[in-house]
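Undergrad: Here you go, one structure.
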Amino acid sequence: MPTDCSPGPSSRRLLAALVLGAWASLHGLAAAEPPASAPAKPVSVAGAVVEERRQPEWSEFHGFVRSRNKVDVIAQVMGRVKAVHVQAGQKVAAGDLLLELDSDEWKAKLAAAESHAAAAEAVEVEAGQFLTRIQTLFPQGAATREELDAAIARQKSAHAAVEAARAQVKESRELLRYSEVRSPIRGIVVDKRVNPGDFSVPGLAGAQGFASGATLMTIYDPDALWFECAIPERHASSVTVGTQARILLGPSRTEVEGRFVEVVPGVDDVARTFIGRIDLPASSELKLGMFGRVRFPTGERWIVDAPAHAIVPRGQLDTVFVVESGKARLRLVRTGRPTERGLEILSGLKAGERVIVNPPQNLRDGDPVTDEGSPK
């Protein structure tokens, strides 16, 4: 047969006695306490009104410091690295020499192109002189029309050969110039991945089916940083360009104020997030890749709050004294998140009631009080 596990009369009486004893202890009304300890006259206290207000709802997401002007340096020609002139963390100006590739091959190609161009120019001079003689003889009948036409074609062919040779010289000079890799921007060198003796691979267009070139180093502008974070798509209506945000950066939790300057309209189809970017001020404390958390308003809600100094902790419980008919009445409350005024009150108080701020330590439930606070 099933056993009746409900508490008996004696158990219920014991439980009720324990609850009443705890409540009496909380109110300072223990039987052993002499009634003479109660204040003989009203105690002057400062009261404050419990208010109901609209509170911004803030959401927090993590992200990283990125550079809005970052360049991955890739060689434009293939070759062996001859020398590297910078180190990671070094500041560089636009046009500074970063590294050199072995240029012997390109110098030889340039010399050959220049020699070919010189030969082509000599042929063009000879073809021009021959055309001049034929043009002089043709009116005298000493040269035929066919000879004149051939001389003109020869001169044009020689001129075209010169143009091709000069273009080859220009290309060879450009390739030789590419053997010196220079900084395209002013910034700081990070993530240097190349050393003398390494082999550089030039970058090719990915659309042509080739792999991109090997990154030699990365340079970023420290004065053009922003904070990049992934935001769930449910907050898309709350984030627009210009939305105010607060960012806590690094282990020191440095607080930075900023605004969204870019909101990517596309949503990641796996993570269901979109990218938001917040402009950051120029600062030596900010580093590329630094972790941080961003907070920004995503809505509003009605709350009831009270001054923080009106909350009296008693063990694991929070209490307040409420002014009722000239007496202090002790109330249990449940608090929530901090507000600009104090603490959010989840239960135990309602808007319009007056609480005692910084209540005296000897104040007890039922003591007469005089509210010196200004009415609201």
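Just so it is clear, none of the values below were taken in a lab; they were calculated from the coordinates. For clarity, every value in this text was computed on a predicted model and none was experimentally measured. Here the Cβ positions follow ideal geometry from the backbone for every residue, glycine too, while neighbour counts run over all protein chains shown.
Undergrad: Between E52 and V125, what length in nm is gained on full extension when 0.36 nm per residue of separation is reduced by their alpha carbon distance? Each step should come with its number before you reach the end.
TA: On the way: separation 73, 0.36 × 73 = 26.28 nm, distance 9.64 nm.
Answer, rounded to one decimal: 16.6 nm.
Undergrad: Assuming 0.36 nm per residue, please report the length gained on full extension of the stretch S59 to E146 beyond their Cα-Cα distance.
TA: 22.5 nm
Undergrad: Something else: Using Cα extents along the principal axes in Å as the read-out, say which of [x] 90, 52, 32; [y] 145, 58, 47; [z] 56, 52, 37 was calculated from these coordinates.
TA: Answer label, from the structure shown: [y].
Undergrad: Fewest Cβ neighbours within 10 Å first, please rank V333, V81 accordingly. The partial results should precede the final answer.
TA: Numbers: V333 22, V81 19.
If I rank by nearby Cβ atoms, fewest first, I get V81, V333.
Undergrad: Under 5 Å between amide H atoms, partner at least 5 residues away or on a different chain: which partners does T335 have, H built in plane at 1.01 Å?
TA: L346
Undergrad: How high is the FRET efficiency from F291 to A112, r the C-beta distance, R0 45 Å, rounded to 0.05?
TA: It comes to 0.25.
Undergrad: Further question on the same structure: How many angstrom lie between the C-alpha centres of the range 100-148 and the range 305-330?
TA: 103 Å
Undergrad: Which value in nm describes the separation of the simple spin-label points at A83 and E100, placed 7 Å from the Cα toward the beta carbon?
TA: Simple spin-label model gives 0.4 nm for this pair.
Undergrad: Gaussian network model of the chain, Cα springs within a sub-10 Å range: biggest mean-square fluctuation belongs to which of Q316, Q244, Q155?
TA: Judging by the Gaussian network model, the answer is Q316.
Undergrad: Another one. Summing +1 for each Lys or Arg and -1 for each Asp or Glu, what net charge is found among the other residues whose Cβ lies under 15 Å from the Cβ of F291?
TA: On the way: positive: R66, R253, K287, R293, R295; negative: E60, E228, E255, E285.
With Lys, Arg at +1 and Asp, Glu at -1, the net is +1.
Undergrad: Here is a further query. How far, in nm, would the chain grow between S157 and S325 when pulled straight, counting 0.36 nm per residue and subtracting the alpha carbon separation?
TA: Here the answer is 49.1 nm.
Undergrad: With θ taken as phi - 60° and the coefficients 6.51, -1.76 and 1.60, list the Karplus ³J(HN,Hα) couplings across the range 169-180 in order, rounded to whole Hz; mark glycine and proline as x.
TA: Along the range 169-180, the couplings run 4, 4, 5, 5, 5, 5, 5, 5, 5, 5, 5, 9 Hz.
Undergrad: What does the charge count around D104 come to, taking other residues whose C-beta lies under 11 Å from its C-beta (Lys +1, Arg +1, Asp -1, Glu -1)?
TA: So the surrounding residues net to +2.
Undergrad: What are the ³J(HN,Hα) values, in whole Hz, obtained from phi via the Karplus relation 6.51 cos²θ - 1.76 cosθ + 1.60 with θ = phi - 60°, for each residue of the range 50-66 in sequence order, with x given for Gly and Pro?
TA: So the Karplus estimates, Gly and Pro as x, are 6, 10, 10, 8, 7, 10, x, 8, 9, 10, 10, 9, 8, x, 9, 6, 10 Hz.
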